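Chemist: Below you'll find the structure I mean.
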């Protein structure tokens, strides 16, 4: 029986790359631009209301502190205990995306809006009190509390921004796709969410991609990147490439996004109809056991089969399988989808080989 991986199971995915995207030492020292600002709680909450601070619940997994922990934060403020710094990232529109400190800011927002009843049994003056029940002096102490904000400049290189995210976030570890979901929130991230939840996507991927980590959305993001951007734009940094795709998607009109969705779903149907449970996985003819998903194979097969109508692929399914299986015995192709797969030369090699396969099977035919 095939193994299905869920959010509670360890994900086994091949062809993603990793360490080559995560080094810190090659950033020019002057490109890591972080400035500090001092703002009061009142000022920050006003900016949140105006939409200039982005709280992005999807990015932070939509969890919230228990009320006793929230109450302790308010108590600390009233006792004038200094708070840890907050980290934010500036986006291209000048908005501030909360990187580290979402729960603290959410607590302030809830309390000032009288949605939090303090649970401080050792503080009789505060226990079971809302903001509106506090004296004017204590209300002012909350609203005038000074917050130290460190802001990651929008000009910081994409990979550096994600590395900074990883270093400073004090909550649960976040995946890079969750970080991208925060930085580029809009119609692009909504597109990823919708497409990753379809029955077609779940069937074609064998439900092997975690949703809590947004690994499923990352795969949709990869398709969109290689579908929308010229391959020559890929310079060996997958983080930057995926970010560029989201930026482009946020600028597309409804018809373009609808066309992208149709191509994606056509590709999923084609891959599943030809390869079944082995879609996007290394396998050979007659193999029964299911291998793990391979992200690099996903890139070439998802974009490649998006160009052909379902009836055409169905008619040439045997030819496609017969052309695909030799790739599984091609040492250079296997290396290109397995080891250091984000290397620019390996990315271009696997797309070149896959393009030759599709040309052999379909010729000039397409949608």
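The values are calculated or read from the model by the stated rules, or taken from the named source; none is laboratory data. Owing to the predicted nature of the structure, the values given are computational and were not obtained by experimental measurement. All Cβ positions, glycine included, derive from the backbone under ideal geometry; neighbour counts span all protein chains shown.
Chemist: Could you list, in sequence order, the residues of the range 230-246 that are crowded, with 16+ Cβ neighbours inside 10 Å and more than 19 Å from residue 340 (Cα to Cα)?
Modeler: Listed by number, the residues that qualify are 243, 244, 245, 246.
Chemist: Working only within the range 276-292, note down all residues that are out of contact with any helix residue (DSSP H, G or I) (no Cβ under 8 Å at 6 or more places or on another chain) and outside any loop (DSSP other than H, G, I, E, B). Steps first, answer last, please.
Modeler: Step one: filter the range 276-292 for residues out of contact with any helix residue (DSSP H, G or I) (no Cβ under 8 Å at 6 or more places or on another chain), giving 276-278, 286, 288-289, 292.
Answer for the range 276-292, where residues must be out of contact with any helix residue (DSSP H, G or I) (no Cβ under 8 Å at 6 or more places or on another chain) and outside any loop (DSSP other than H, G, I, E, B): 276, 277, 278.
Chemist: Exactly one condition in (1) modelled with pLDDT under 95; (2) in contact with a strand residue (DSSP E or B) (Cβ under 7 Å, 6 or more places away or on another chain) is not met by residue 205; state its number.
Modeler: (1) is the only condition that residue 205 fails.
Chemist: So, one more: So which of 111, 191 is more than 14 Å from the chain's Cα centre (by Cα), at pLDDT 95 or above and not in a loop (DSSP other than H, G, I, E, B)? Step through it out loud before you land on a result.
Modeler: Numbers: 191 fails: more than 14 Å from the chain's Cα centre (by Cα).
Within the list 111, 191, the selection yields 111.
Chemist: Still on this model: So, in the range 329-345, of the ones that are in contact with a helix residue (DSSP H, G or I) (Cβ under 9 Å, 6 or more places away or on another chain) and in contact (Cβ under 8 Å) with a residue 40 or more places away in the chain, which residue ends up surrounded by the fewest Cβ atoms within 10 Å (Cβ to Cβ)?
Modeler: To start, the set of residues in the range 329-345 that are in contact with a helix residue (DSSP H, G or I) (Cβ under 9 Å, 6 or more places away or on another chain) comprises 330, 332-343, 345.
Of the ones still in play, those that are also in contact (Cβ under 8 Å) with a residue 40 or more places away in the chain are 334, 336-338, 340-343.
Details: 334: 16, 336: 27, 337: 25, 338: 15, 340: 13, 341: 23, 342: 21, 343: 15.
Checking each candidate, the answer is 340.
Chemist: Using the structure shown, decide if residue 142 is touching a helix residue (DSSP H, G or I) at 6+ places or on another chain (Cβ under 6 Å) and at pLDDT 95 or above.
Modeler: Numbers: touching a helix residue (DSSP H, G or I) at 6+ places or on another chain (Cβ under 6 Å): yes; at pLDDT 95 or above: yes.
In short, yes.
Chemist: Can you find a residue in the range 224-233 that is modelled with pLDDT under 90, part of a loop (DSSP other than H, G, I, E, B) and farther than 22 Å from residue 290 by Cβ? Please lay out each step first, then the result.
Modeler: Of the range 224-233, the ones modelled with pLDDT under 90 are none.
Looking through the range 224-233, none of the residues is modelled with pLDDT under 90, part of a loop (DSSP other than H, G, I, E, B) and farther than 22 Å from residue 290 by Cβ.
Chemist: Suppose the filter is at pLDDT 95 or above, outside any loop (DSSP other than H, G, I, E, B) and surrounded by 14 or more Cβ atoms within 10 Å (Cβ to Cβ); does residue 97 pass it?
Modeler: On the way: at pLDDT 95 or above: no; outside any loop (DSSP other than H, G, I, E, B): yes; surrounded by 14 or more Cβ atoms within 10 Å (Cβ to Cβ): yes.
Criteria not met by residue 97.
Chemist: Further question on the same structure: Of the numbered conditions (1) within 20 Å of residue 71 (Cβ to Cβ); (2) assigned to a loop (DSSP other than H, G, I, E, B); (3) touching a strand residue (DSSP E or B) at 6+ places or on another chain (Cβ under 9 Å), residue 147 fails exactly one; give the number of that condition.
Modeler: (2)
Chemist: When you scan the range 293-349 for helices (runs of 4 or more DSSP H) that lie fully inside it, which ones turn up with 3 or more residues that are closer than 20 Å to residue 224 by Cα and under 26 Å from the mean Cα position of the chain (by Cα)? Please lay out each step first, then the result.
Modeler: On the way: elements: 295-304, 310-315, 317-324, 331-336.
Filter on the range 293-349 gives 295-304.
Chemist: Consider residue 297 against the criteria (1) crowded, with 21+ Cβ neighbours inside 10 Å; (2) more than 18 Å from residue 216 (Cα to Cα): it satisfies all of them except one. Which criterion is unmet?
Modeler: (2)
Chemist: Might you check whether a residue that is free of Cβ contacts under 8 Å to residues at least 24 places away in the same chain and touching a helix residue (DSSP H, G or I) at 6+ places or on another chain (Cβ under 7 Å) occurs anywhere in the range 352-367? Give the derivation first.
Modeler: Narrowing the range 352-367 to residues free of Cβ contacts under 8 Å to residues at least 24 places away in the same chain: 352, 356, 359, 363-364.
Of the ones still in play, those that are also touching a helix residue (DSSP H, G or I) at 6+ places or on another chain (Cβ under 7 Å) are none.
No, the range 352-367 contains no residue that is free of Cβ contacts under 8 Å to residues at least 24 places away in the same chain and touching a helix residue (DSSP H, G or I) at 6+ places or on another chain (Cβ under 7 Å).
Chemist: Now for a separate question. Of the residues in the range 350-367, how many are surrounded by 19 or more Cβ atoms within 10 Å (Cβ to Cβ) and under 20 Å from residue 225 (Cα atoms)?
Modeler: Of the residues in the range 350-367, 4 are surrounded by 19 or more Cβ atoms within 10 Å (Cβ to Cβ) and under 20 Å from residue 225 (Cα atoms).
Chemist: Okay, next question. Would you point out the residue of the range 54-94, among those that are in contact with a strand residue (DSSP E or B) (Cβ under 8 Å, 6 or more places away or on another chain) and at pLDDT 90 or above, that is nearest to residue 218 (Cα to Cα)?
Modeler: 86
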